[in-house]
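In what follows, a structure is listed as structure tokens, so that the remarks can point back to it.
We did not get these values from a lab; they are worked out from the coordinates using the rules stated. Treat the numbers as computed from the prediction; the structure is a model and nothing was measured. Glycine gets a Cβ as well: all are built from the backbone with ideal geometry, and neighbour counts include every protein chain shown.
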Amino acid sequence: MINTKINVPLLDLQRQYQDIESTVMSSIQDVFNSKIFINGPKVTQLETDIAAYCGTKHAIGVSSGTDALIISLMALDIQPGDEIITTPFTFFATAGSISRLGAVPVFVDIDPLTYNIDPNLIEAKITSKTKVIMPVHLFGQLADMNQIMAIAKKHNLHVIEDAAQAIGAKTTYNGKPLQAAGSIGDLGCFSFFPSKNLGCCGDGGVVTTNSDDLYEKCQVLRAHGSKPKYYHHIIGGNFRLDAIQAAVVSAKLPFLNDQHEGRIKNATYYNQHLHQDIKTPVVSDGSYMIYNQYTIQHEKRDQLMDVLQEYTIGHAIYYPVPLHLQGCFSHLGYQEGNLPVSEKAAKEVVSIPVFPELTQSELDYTVAVINQFIESN
Ligand SMILES: *Cc1c(COP(=O)(O)O)cnc(C)c1O
């Protein structure tokens, strides 16, 4: 029996900022000293930093991860009725962005081990209207980019990586190890939402690309399609990143790799100590997963959640409703049973604390609570 309850949060930003807050604050102070609140040196610096970190030619700061997706689709001239192949097992923004442009999300089921889009099911969904494949690197692990890029090439499609959960995640691509998320497709989309591995103090995001042409297009689209200023040949939006958010992200970036390592250490501990009847995350060969979430799967997930609640262990379901079954997409005509792997995952997964600052006693406690549940069920 576990006698003493302890409170284990799912994520503790207090602890994340403990050692770095003064560094972040001084970077914010630079912005106030300059009074350049939009664009300017902090945004340019961040773009340089992110491009270097991801190994891409360009990066462009934008207002959120969602806007990164929207501007990427706009840069590829996506029109109403165009079809975009993606996964239903993801945050809403992935498909929401597609629909916002009048395009149609075409959902392909996931691999049961990694929860990423199953590349073997993609080709069957390609039609004459398909323009883009948009894989999501869920929970901090890249989708199978080798297969996805080969399919895209064969069918002359573009690839937008939804890398919102995967900054710094890597994979072996084309025989080369350690290719970063966002550096493989035509465009990579990242979010600086505070709960991502690299979070700012509000909303923010970035787009990466190796294409000069797409980079230029994103820059124009970010500022209402204006080029030169006040002359508009295309319609863009206000997709700018605040200088303050850029300042925060740049200040935090040097600490990111250590934080990834902390998450990996915690995940490894769980992998080794959680009961074998629990499905723990599966990391593909050659993949460096950064564990934006540590997601476990069990048939009695709902009962397990009650126990986590009782023992005050933070947890959340990412994601309880696969997107093809969301009310707003009912017109697309999907039904329960169409994408069974995603549907099963939605019923059985739960994510538990994995943030880098977790203590050993918190890890031990979490393992003990979960294993006690499994053994008594
Ligand atoms: C967080 C997230 C987004 C959206 O990012 P925001 O910055 O919140 O707009 C998009 N896709 C995925 C997979 C995400 O996890």
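P(r) tail, segment 255-375: Cα-Cα pairs separated by more than 23 Å, 37% of all pairs. At full extension, residue 22 and residue 256 could sit 82.6 nm farther apart than now, given 0.36 nm per residue minus the alpha carbon distance.
Using the number of other C-beta atoms within 10 angstrom as an exposure proxy, rank 25, 149 with the fewest first.
Values: 25 13, 149 20.
The most exposed by this proxy come first: 25, 149.
Each of 22, 34 was scored by other Cβ atoms within 10 Å of its Cβ. Arranged with the fewest first, they read 22, 34. Expressed as a fraction of 2.2 N^0.38 Å, the C-alpha radius of gyration for segment 1-67 is 1.66.
Here the dipole of segment 255-375 is about 260 debye; that uses its Cα centre as origin and unit charges on the Cβ of Lys and Arg (positive) and Asp and Glu (negative).
Within the chain, what percent of beta bridges assigned by DSSP are antiparallel, to the nearest 5?
Percent antiparallel among DSSP bridges in the chain is about 60.
Computed across segment 260-313, the Kirkwood radius stands at 12.5 Å (inverse of mean 1/r, all Cα pairs).
Could you tell me whether segment 122-264 comes out rounded, prolate or oblate from its Cα gyration tensor? Rule is a ≥ b ≥ c as square roots of the eigenvalues, rounded for a/c under 1.5, then prolate if a/b exceeds b/c, otherwise oblate. Note, shape of segment 122-264 comes out oblate.
A simple count of charges around residue 292, restricted to other residues whose Cβ falls under 10 Å of its Cβ and scoring Lys, Arg +1 and Asp, Glu -1, yields +2.
Taking a ≥ b ≥ c as the square roots of the eigenvalues of the Cα gyration tensor, segment 202-283 is prolate, since a/c reaches 1.5 or more and a/b is larger than b/c.
For residue 42, a cut-off of 27 angstrom between C-alpha atoms picks up these lysines, skipping any fewer than 8 places away in its own chain: 57, 170, 196, 217, 227, 229, 252. Between the listed residues 9, 177, 284, the Cα displaced farthest toward the positive end of the dipole of the chain, a dipole computed from Cβ unit charges relative to the Cα centre, is found at 177.
Here the spin labels are modelled as points 7 Å beyond Cα on the Cα-Cβ line, and at residue 178 and residue 309 they lie 4.5 nm apart. 222 nm [θ] for the chain, helices only, -39500 (n - 2.57) per DSSP H run of 4+, per residue, to 500? Computed mean residue ellipticity for the chain: -11000 deg cm²/dmol. Modelled this way, with points 7 Å down the Cα-to-C-beta line, the labels at residue 4 and residue 213 are 6.4 nm from one another. Between residue 230 and residue 155, the modelled label-to-label distance comes to 4.6 nm, taking each label 7 Å out from Cα in the direction of the beta carbon.
For the chain, dividing the convex hull volume of the Cα atoms by the residue count gives 135 Å³ per residue.
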